[in-house]
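Below is one structure; the comments refer to it alone.
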Amino acid sequence: MIDFLAAMYPWTKSLHLLSIVAWMAGLFYLPRLFVYHAEASTPGDSRDEIFQVMERRLLRAIMNPAMIATWVFGLMLVMTPGIVDWSSIWPWTKAAAVLFLTWFHHWLGLRRKEFITGQSTISGRTFRIMNEVPTLALIVIVFSVILKF
């Protein structure tokens, strides 16, 4: 298995990066959809229905598969010999940021359910602020991996 992972390293890394890009795109876009949903519709109106379709498709067809693929390929990279130096700080800061993004992903899923039931109480302004969260985590991840501090 270890020989297989080492031989597949360039492919695994490429697939991991592609998965990250798709996941991050969704993490940037879904909170923005929530801003518009919160500010431009009321429960049950035609815009509410359109936003719900857009949010559902983004979450289920893009974000969920991309998050799972990011995790699978990331764990494959972690198991590849010589890739991660666990005595350094960087894998731990990256792992913390990825866990945080995973929590944020699920938080967004819960907010979508609130829109479905008409029980969303979060303002567009709050969603605007939350829209910056993935950027901060991405900065931590990129600097951790590239600088390996």
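Where a number appears in this text, it was derived from the coordinates with a stated rule and is not lab data. Computed from a predicted structure; not experimentally measured. For neighbour counting, all protein chains shown are included, and Cβ atoms are generated from backbone atoms with ideal geometry for every residue, glycine included.
Numbers for the structure displayed
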quantity	calculated
Enumeration of residues in the stretch 44-77 that are among the charged types (D, E, K, R) and surrounded by fewer than 19 Cβ atoms within 10 Å (Cβ to Cβ)	ASP45, ARG47, ASP48, GLU49, ARG56, ARG57, ARG60
Filtered residues of the stretch 91-146 (kept if under 15 Å from PHE51 (Cβ atoms) and among the basic types (Lys, Arg))	ARG111, ARG112, LYS113
Residue satisfying condition, being crowded, with 17+ Cβ neighbours inside 10 Å, closer than 28 Å to LEU147 by Cβ and either touching a helix residue (DSSP H, G or I) at 6+ places or on another chain (Cβ under 8 Å) or polar (S, T, N, Q) (or both), within set SER41, SER14, SER19	SER19
Evaluation of MET24 against (1) surrounded by fewer than 17 Cβ atoms within 10 Å (Cβ to Cβ); (2) in contact (Cβ under 8 Å) with a residue 60 or more places away in the chain (one fails), failing number	(1)
Boolean, LEU27 is out of contact with any His (no Cβ under 9 Å at 6 or more places or on another chain) and either farther than 20 Å from ALA6 by Cβ or of a type in the set (D, E, K, R) (or both)	no
Residue in the stretch 125-137 that is more than 19 Å from the chain's Cα centre (by Cα) and not acidic (Asp, Glu) present	yes
The one condition in (1) under 19 Å from PHE28 (Cβ atoms); (2) hydrophobic (A, V, I, L, M, F, W, C); (3) exposed (fewer than 14 other Cβ atoms within 10 Å of the Cβ) that ILE89 fails to fulfil	(1)
Residue in the stretch 123-141 that is nearest to PHE104 (Cα to Cα), counting only those that are among the charged types (D, E, K, R) and in a helix (DSSP H, G or I)	ARG128
